[in-house]
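Just below is one structure, and these are the notes that go with it.
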Amino acid sequence: MELLDSLNTFLEGMGIYSLTWQMVGMWGIAILLLYLGVAKQYEPLLMVPIAFGALIANIPDNGMLISQLNRQTVSIQEGKVTQTPITEVGYLKVHVAPVIESEGKEPPAWNTLDEAGKAQYKAVMNQPSKIFPGKQLTVAEVAEFKATEETADQLVFVLTKNGQEQLLRRDGVTYYDINGTQVPVDVVNDNIAPKVTAASGNYVNQGQHSGEYMITSIHGGLYDYIGLGIKAEIFPPIIFLGVGALTDFGPLLAAPRTLLLGAAAQIGVAATFFMALCLGFNQQEAASIGIIGGADGPTSIFLTMKLAPHLLGAVAVAAYTYMSLVPLIQPPIMGLLTTKKERLIRMKTLRQVSKSEKLIFAVLVTITVVLLIPDAAALIGMLMLGNFLRECKVTERLVQASQNEIINIVTIFLGTSVGLTMQGCRFLQTETLLIILLGIIAFGVATAGGVIAAKLMNLIWRKNPVNPLIGSAGVSAVPMAARVSHSVGQKYDPSNYLLMHAMGPNVAGVIGTAVIAGYYIATLTR
């Protein structure tokens, strides 16, 4: 009998009973991505790990993905208290201001509860907690809240119906944001976090974080923890370290005007941002979709994880797929926007850039960008660190590690972790198709922007013209976009070598995309 019970338990625990049509559908997508990576060699170093991660994510398992956090939502409906554990993948990052914690207050529906319900509610609300998810407070914001507060200066953290946690002012059973606009929330959803009382003078200035916390599940699975490399925003900057160690900024320094081409290509990011807004995406989602046009996979992942983590799988797949298709996407656009005469333009040989210039450039870019856009520090700082290691010529072991072991290991975990976010129930949605469509538009507009900018530059530098084909290299698919510019140019003149000239706008595009990402983070997360 015990044997039959054990066998029955084993059979009931088989993953086949948990299969859904979305999971099976994602198997087909994972196999397609594996085919593109292996047979067609479309960005195989990342396409293969992403595809295999997507396959794992859509097979019912025990111990790879699912984890429980010690957090609970509390809802009160029809006089009953319901506690529901929140299932998340082992990580929560919050920015907090030093607030004063107070005891739990009676909810609006308090009088409808029985004694057991009241006791249960109090037990939950009085649990000690030092973590308050929500928007960072600033001195100005607190002052403005107090100016509009008619009674006590009581502020609460709530989860709004659009799924965002934020700080609101509570007046009875009504909630208001800092602008005094009423905000619809679910009943007593502010119970996710304790009530807090605003205390004068105890708030941080804008841009200063008073604390960051990582919460990991006791019962987390393997990729709950490996995936923290993305959720804690570690993997993309480390990839940038390797990119910096592999990149020569000499062509950009030899021809500084090509920086304009890298900047012009960012028009694809901006244009797609507004298109996504028109299609119903919110600002955070639109920024994450638009950054695909920068043709920079790590930056796309970094920004999306900050602003719209639920879109991570779709954005990453679109970004890396289109990066691999650069040789197919860009040439028709380049041919359409240029004349044969322009394609035959020969550019002057670049001057030799000294070691000192390269080292000074790395330091100056780091200081300047981080001072102006602190949120780009993680990407720009690691990019320039890698490049400084390369150019100083005294850290060869570190350069070799950055170029090989470190970037290779992180690439495996980065790709697989991204793939694991592609659960069928999230990925197989209409918005995924829209993201893929907007992604190719972003690439096309970015390519066109660089080419057109080069043509405009020739109106100024008539004696030293730019071959417009190198404008397409402004998208930061290093060094693929530069190679495409070179190969298209050689079709018309086999002796015309554009590769080094194209590397200028190419590396400028890397910096430009990282700066744009920092700007979006600075303006859309506070």
**Fill in**
Within segment 39-63, the residues that are hydrophobic (A, V, I, L, M, F, W, C) and over 26 Å from the mean Cα position of the chain (by Cα) are Ala39
**Message:** Give me the helices (runs of 4 or more DSSP H) completely within segment 416-499, filtered to those with at least 1 residues that are modelled with pLDDT of 90 or more and open to solvent by 60 Å² or more (accessible area, probe 1.4 Å), ordered by residue number.
**Reply:** 430-457, 480-492
**Prompt:** Does segment 437-444 contain any residue that is over 23 Å from Ala287 (Cα atoms) and not aromatic (Phe, Trp, Tyr)?
**Reply:** no
**Prompt:** Taking the condition in contact (Cβ under 8 Å) with a residue 24 or more places away in the chain, open to solvent by 50 Å² or more (accessible area, probe 1.4 Å), part of a helix (DSSP H, G or I) and touching a helix residue (DSSP H, G or I) at 6+ places or on another chain (Cβ under 8 Å), does Phe413 pass?
**Reply:** yes
**Request:** Mind checking which helices (runs of 4 or more DSSP H) fall wholly inside segment 172-287 and carry at least 3 residues that are open to solvent by less than 20 Å² (accessible area, probe 1.4 Å), modelled with pLDDT of 65 or more and among the hydroxyl-bearing types (Ser, Thr, Tyr)?
**Result:** none
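The values are calculated or read from the model by the stated rules, or taken from the named source; none is laboratory data. Here the structure is a predicted model, which means the values were calculated and not measured. Cβ sites come from the backbone with ideal geometry, for glycine too, and all protein chains shown count toward neighbours. Quick note on the areas: whole protein, heavy atoms, side chains included, nothing else; ligands and nucleic acids left out. Shrake-Rupley method; radii C 1.70, N 1.55, O 1.52, S 1.80 Å.
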